[in-house]
Amino acid sequence: MADAKKTMVLTGASRGIGHATVRRFSDEGWRVITCSRHAFPKECPWGGGEEDHVQVDLADPKNTIEAIDIIRERLDGQLHALVNNAGISPKGEGGARLNTLETDLRTWGQVFHVNFFASVVLARGLKAELQAAKGSVVNVTSIAGSRVHPFAGAAYSTSKAALAALTREMAHDFGPLGVRVNAIAPGEVETAILSPGTEKIVDALPMRRLGQPAEVASAIFFLCSGEASYISGSEIEVNGAQHV
């Protein structure tokens, strides 16, 4: 008898890396439940359709907790992968970088709710389903989590650094349940949210090019596959050697 279809829950599915990840897992035969603050896009050419989409504002703690029950209702008791990809990086006037001196506390809170707290809230809320499937969690961090970035703001960068630390903690705590937890840290990836001036960074990259969303999606798929069955607590750099 053929293996049952595997299921993934993905946050931040509406564009860029998230959209490419939906496509990769769908192409591999997975059922993908997408989570986004936007409604399901009718023009989406892959995935399970509107019934596999959950509209949720991860900046709202109450809404995030409520979404867990909605997601659980759509699962058959098993969740093979949770990919925490959602992230926000607010800018100042004219696209300026928001530093520690100028970022208001409300913005700090919104960024941390989306980029950090939602990841642990969802993983804890879906713990039983992850355990039943001996599943995998992948947190999407950033190269900005380990250094000051010319465009990424202070709240974004520190939230991603916190998410990297959370990945280690979760790997330790979820490991006895048979659940692996890892992170990927993308660098400069060609998406719609690139900041003006990125080309100057590209000129200094060892590989001299931007990454593609599909390349990041492939790293996510690897970590959720049986090929990564003994990898947990790791953060994989996906940045064309930018981190060196």
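Only the coordinates and a few stated rules stand behind these numbers; no lab work does. Treat the numbers as computed from the prediction; the structure is a model and nothing was measured. FYI the Cβ positions are ideal-geometry reconstructions off the backbone, even for glycines, and counts take in every protein chain you see.
So if I place +1 on the C-beta of Lys and Arg and -1 on the C-beta of Asp and Glu, and nothing else carries charge, what would the dipole magnitude of the stretch 1-125 be about its Cα centre? I want it in debye, nearest 20.
Charge dipole of the stretch 1-125: 240 debye, to the nearest 20.
Nearest 20 debye, what's the magnitude of the dipole of the chain about its Cα centre given +1 on Lys and Arg Cβ and -1 on Asp and Glu Cβ?
Values: 24 positive and 27 negative charges, 52 e Å.
Taking the Cα centre of the chain as origin, the dipole is about 240 debye.
Could you work out the equivalent-ellipsoid semi-axes for the stretch 120-189, taking the square root of 5 times each eigenvalue of the Cα gyration tensor, largest first, in whole Å?
Three semi-axes, in Å: 27, 10, 9.
Restricting to Cα pairs below 8 Å that are 6+ residues apart, what does the relative contact order work out to for the chain? Please round to a whole percent.
With pairs under 8 Å counted, the relative contact order is 20 percent.
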